[in-house]
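This report refers to the structure that appears directly beneath it.
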Amino acid sequence: MLNLQLGIRHAVGKQGPITLDLKSSAFDPKEKVWTRFPPEGSKYTPPHSSCDFKWKDYCPQVFRTLRKLFKVDAADYMLSLCGDQALRELSSPGKSGSFFYLTSNDQYMIKTMKKSEVKIFLKMLRAYYNHVRSFENTLVTKFFGLHCVKLAGANQKKVRFVIMGNLFCSDYSIHRRFDLKGSSLGRTTDKPQTEIDEYTTLKDLDLNFIFRLQKHWHQEFLRQVDKDCDFLEQENIMDYSLLVGVHFRDKRNLLASEGSFDSDSSRASSPHLSRGDTDPNRFSKIKLGSNMPTRAELTVRKSECEPQIIGEPTGEFYDVILYFGIIDILQDYDISKKLEHAYKSFQYDPTSISAVDPKQYSRRFKDFVYKAFQEEKIDI
């Protein structure tokens, strides 16, 4: 972590001129800068208490420009990542084996990456840049930097990592989180109901809500998911998810939605959205995927043997605030995913498995999220 912070401080400190019209050479995978950090310091680097290491910055001009596009202040960025307060390691690595770290202010997330993921990212970097530049409301992950630390000495170990925005950095606590792909095979949590909490990542078959977006936001949502999925499909990407965080305006509603509840008392205790909320500027901070006041309608799946991917609406509504975005966008449909698809297709319904080709994946993903996010029929 110290090596990482020393490298970021060095990289961000070297601010050069920023132009949005980048030359092709800026996206060249060979466009990387190595810097050696000896413990005693050098002409360009400070002395430090860690071991001797080398630091690599991939396509530094592109990421500097991306930070500008995403309205990231260089001083705030450096302070968040390199301040006195340590980065927090999240409890366990993801399924991919990657480790995740959060800055103390929850704004940025650092993820370790495999070499194959770095290659995919660099290959699609120009298309990614053009996409986020064209669509200010894109839901795809915001990336701010791609780096590598190589330890000196016998083992020469390399750790590659990406810095990205934390989707759930908010003033509201996230009570439930869902990772949605649109597939059904294995798409439930393995935790018993009593152990599910705000840190549990629930999946497609655990989703027991339809989110009702106001007309303007629903139209914007459909338009943006379409654009983002087209981009990912063109880049041969699959296995991505819509990560959704739900804040219940009244915590009693969370309990009611997950247990046995009296529908009359639940309906009575469900507060309507109040424009006189605690923060008078709250509505001005709403943007697609962030801080969105919405109603969630409780759903129930009728049959256990034939899992319905979306349950039947019950007419029970809860006032919630939503955060969502498209994550895990660095998996292409390579030979291992093609083999996984072929193998699982013999055992299961080919449409239910996660590993399908990018065109089919995109279509299925959109079908699912368009059922999970529908237009609100009444004015609130």
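The values are calculated or read from the model by the stated rules, or taken from the named source; none is laboratory data. A quick note: this is a predicted structure, and the numbers were derived from the prediction, not measured. So basically every Cβ, Gly included, is an ideal-geometry build from the backbone, and we count neighbours across all protein chains shown. With ligands, DNA and RNA removed, areas are computed over all heavy atoms of the protein, side chains included. Shrake-Rupley method; radii C 1.70, N 1.55, O 1.52, S 1.80 Å.
Values as computed for the structure displayed
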{"item": "Residue match in the range 7-27 (condition: assigned by the TED database to the domain that holds Leu122 and within 18 Å of Gly153 (Cβ to Cβ))", "result": "yes"}
{"item": "Pairs, first more than 17 Å from Gly13 (Cα to Cα) in the range 69-86, second among the β-branched types (Val, Ile, Thr) and at pLDDT 90 or above, C-beta under 7 Å, six or more apart", "result": "Leu69/Val132"}
{"item": "Some residue of the range 145-155 being buried (at least 16 other Cβ atoms within 10 Å of the Cβ), in a loop (DSSP other than H, G, I, E, B) and in contact (Cβ under 8 Å) with a residue 60 or more places away in the chain", "result": "no"}
{"item": "Matching entry among Arg126, Arg64 (being closer than 19 Å to Ala11 by Cα, basic (Lys, Arg), surrounded by 13 or more Cβ atoms within 10 Å (Cβ to Cβ) and out of contact with any strand residue (DSSP E or B) (no Cβ under 8 Å at 6 or more places or on another chain))", "result": "Arg64"}
{"item": "Criterion: open to solvent by less than 50 Å² (accessible area, probe 1.4 Å) and either assigned to a strand (DSSP E or B) or more than 28 Å from Ser134 (Cβ to Cβ) (or both) - qualifying residue of Ser42, Ser98, Ser49", "result": "Ser98"}
{"item": "Qualifying residue in the range 136-143 (condition: crowded, with 19+ Cβ neighbours inside 10 Å, not assigned by the TED database to the domain that holds Gly325 and not in a loop (DSSP other than H, G, I, E, B))", "result": "yes"}
{"item": "Every pair of residues 6+ apart whose Cβ atoms lie under 7 Å, when the first sits in the range 207-227 and is under 22 Å from Arg177 (Cβ atoms) while the second is in a helix (DSSP H, G or I) and among the small types (Gly, Ala, Ser)", "result": "Leu207/Ala372; Asn208/Ser257; Ile210/Ala372; Phe211/Ala372"}
{"item": "Only listed residue being in contact with a helix residue (DSSP H, G or I) (Cβ under 9 Å, 6 or more places away or on another chain) and open to solvent by 50 Å² or more (accessible area, probe 1.4 Å), chosen from Arg36, Arg9", "result": "Arg9"}
{"item": "Any chance Glu40 is in contact with a Ser or Thr (Cβ under 7 Å, 6 or more places away or on another chain) and either closer than 20 Å to Ala127 by Cβ or of a type outside the set (Val, Ile, Thr) (or both)", "result": "no"}
{"item": "From the options Gly7, Gly13, residue that is farther than 15 Å from Ile163 by Cα, touching a residue at least 60 places away in the same chain (Cβ under 8 Å) and small (Gly, Ala, Ser)", "result": "Gly13"}
{"item": "Given (1) without any contact (Cβ under 8 Å) to a residue 60 or more places away in the chain; (2) β-branched (Val, Ile, Thr); (3) surrounded by 20 or more Cβ atoms within 10 Å (Cβ to Cβ), number of the condition Thr112 does not satisfy", "result": "(3)"}
{"item": "Residues within the range 161-173 that are open to solvent by 40 Å² or more (accessible area, probe 1.4 Å) and either more than 30 Å from Arg301 (Cβ to Cβ) or acidic (Asp, Glu) (or both), tallied", "result": "2"}
{"item": "Any chance Leu146 is more than 23 Å from Ala26 (Cα to Cα), among the aliphatic types (A, V, I, L, M) and touching a helix residue (DSSP H, G or I) at 6+ places or on another chain (Cβ under 7 Å)", "result": "no"}
{"item": "Scope the range 174-228; condition in a loop (DSSP other than H, G, I, E, B), in contact with a strand residue (DSSP E or B) (Cβ under 8 Å, 6 or more places away or on another chain) and either open to solvent by less than 50 Å² (accessible area, probe 1.4 Å) or under 18 Å from Phe373 (Cβ atoms) (or both); matching residues", "result": "Ile174, His175, Lys181, Thr189, Ile196, Thr200, Lys203, Leu207, Asn208, Gln214"}
